[in-house]
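Structure, as structure tokens:
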Amino acid sequence: MNYLVDEKHNGERIDKFLVGVMENVSRTDVQKLIAAGEVKVGGAAAAKNFRVETGMVVVVDKLVEKESSTLEPEDIPLDIVYEDEDIVVLNKPRNLVVHPGNGVRTGTLAAGLLHHFKDNLSAVNGPLRPGIVHRLDKDTPGLMVVAKNDAAHRHLAHQLETRTLHRTYNALVWGCPRDLEGCIDAPIARNPKNRLKMAVVKGGKESRTHYVAKQFFAIATLLELQLESGRTHQIRVHSRYTGHPVVGDPLYDGREESLNRVPPLMKDVAAKVLEMAPAQLLQAVKIELIHPRTGKKMKFKVPMEEPFAKVLKFLKKECPADAPVFDEEEGFRDFDADIRFDEGFEDEVDNESLDQFQECVFPELKERKTRAQRHAEKQATAAQRRAKAAERKLIKQMKAARKKGVAVEDFVEPGYEPTIDPDLL
């Protein structure tokens, strides 16, 4: 198959160009063809980062072979938040795999979708992933959007690529981050020492996670996070990388491995939290998208899942805390032994306060001084202190001189006696 590059595609990456001109293919399909040398420009195999120019002819020697479907429909209950002829927004429960893979063939969300919607699902990602635009980890509950036709799927995929589809998560992490809001920018790839895990690896895929601290406890912090990219295990890997693993995460040091960082008096509380946490306390609580057909902006929210809400209620009762205070000398003072307990705290907690959190409001940041500025200020303060000490000493010496009958005008400060002229000797 030959594809002529017109003016509007000038400068595009070759995989993006082919996705736009070929039918029923995903970017992953095209990248596999490029890696196999089946895509050529000017008679030579194209590189994956090759950019096309107007007038070029891209030759695809082999069409994409879609994998045969072994997916059987299964009657799996779905918590549907919204549905129309183009998209479905659903709340995926914990302990549900999104699609077959890694030895899992049955009991997946994909099989449940196939049972409920039959052929009314997009086929862009192949028969094993009908309608699946993006995914969540098995033990991460929350909102997902599903495409019911190929046009809607491509539109949503483009939103993910251009970052106009926003996913917001809540995560409970151990300790308190050094900055109460910020962006974790660290590349992610397969862990070279353990292929079952991901890790921050030099040369990995560009990955950015934005976060804001929302609620504080003596041993943990509730964060609100947004993904700028969507790598496998991204929030869990970035949290571990910053030294604050997600509470309950069995893969990235979020369980017993984190107990040694908890103050001794709080170890029983932390152990109880781990008993209550079925796995990582991470949930996709909000999703914002542009409807593929109407172009209307849509926003969906779900309340906190029950295990997550119970842990927050328990922590609010056992070890509440205020936001840590920043000190230039000591940094953030967290894990304070004098934990604050509110008098008259009631066991009943307003569930709405746990289910819903305020919109992300980033506090105004205090401009921090450089090391050189802090050093100069310390030097100036020390000099001022020495000058005051010298002044007090001089006043004391003058008082002693007056007691001995020395006139003020005749008083000479010790250490500053004039040199005697040798001619007078």
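The values are calculated or read from the model by the stated rules, or taken from the named source; none is laboratory data. All figures in this text were calculated on a predicted structure; none of them were measured in a lab. Quick reminder, even Gly has a Cβ in these numbers, built from the backbone with ideal geometry, and neighbours come from all protein chains shown. Surface areas here come from the heavy atoms of the whole protein model, side chains and all, with no ligands, DNA or RNA. Shrake-Rupley method; radii C 1.70, N 1.55, O 1.52, S 1.80 Å.
Per-structure values
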item	result
Index of the failed condition, R231 passing every other in (1) assigned to a loop (DSSP other than H, G, I, E, B); (2) surrounded by fewer than 18 Cβ atoms within 10 Å (Cβ to Cβ); (3) in contact (Cβ under 8 Å) with a residue 40 or more places away in the chain	(2)
Matching residues, the range 1-47, being β-branched (V, I, T) and open to solvent by less than 70 Å² (accessible area, probe 1.4 Å)	V5, I14, V19, V21, V25, V30, I34, V39, V41
Some residue of the range 236-249 being open to solvent by 10 Å² or more (accessible area, probe 1.4 Å), on the phi > 0 side of the Ramachandran plot, under 18 Å from the mean Cα position of the chain (by Cα) and touching a residue at least 40 places away in the same chain (Cβ under 8 Å)	yes
Residues satisfying the stated conditions in the range 166-190, i.e. among the hydrophobic types (A, V, I, L, M, F, W, C) and open to solvent by less than 10 Å² (accessible area, probe 1.4 Å)	A171, L172, V173, W174, A186, I188
Selected residue (criterion: farthest from N95 (Cα to Cα)) from residues of the range 266-298 that are part of a strand (DSSP E or B) and β-branched (V, I, T)	I290
Complete set of residues in the range 170-201 that are closer than 14 Å to L222 by Cα and among the acidic types (D, E)	D179, E181
Subset of the range 119-148 [within 18 Å of V21 (Cα to Cα) and open to solvent by 40 Å² or more (accessible area, probe 1.4 Å)]	A123, N125
Tabulated pairs, the range 196-215, first in a strand (DSSP E or B), second of a type in the set (K, R), C-beta under 6 angstrom, 6+ apart or interchain	K205/R231
Contacts under 6 angstrom Cβ, first residue in the range 94-118 being touching a residue at least 60 places away in the same chain (Cβ under 8 Å) and buried (at least 18 other Cβ atoms within 10 Å of the Cβ), partner part of a loop (DSSP other than H, G, I, E, B) and of a type in the set (A, V, I, L, M, F, W, C), 6 or more apart	none
Candidates A309, A284 - the one that is at pLDDT 95 or above and either open to solvent by 10 Å² or more (accessible area, probe 1.4 Å) or farther than 22 Å from D79 by Cα (or both)	A309
Selection from the range 256-313 of residues that are without any contact (Cβ under 8 Å) to a residue 12 or more places away in the chain and farther than 22 Å from L225 by Cα	N260, P264, K267, D268, E275, T294, G295, K296
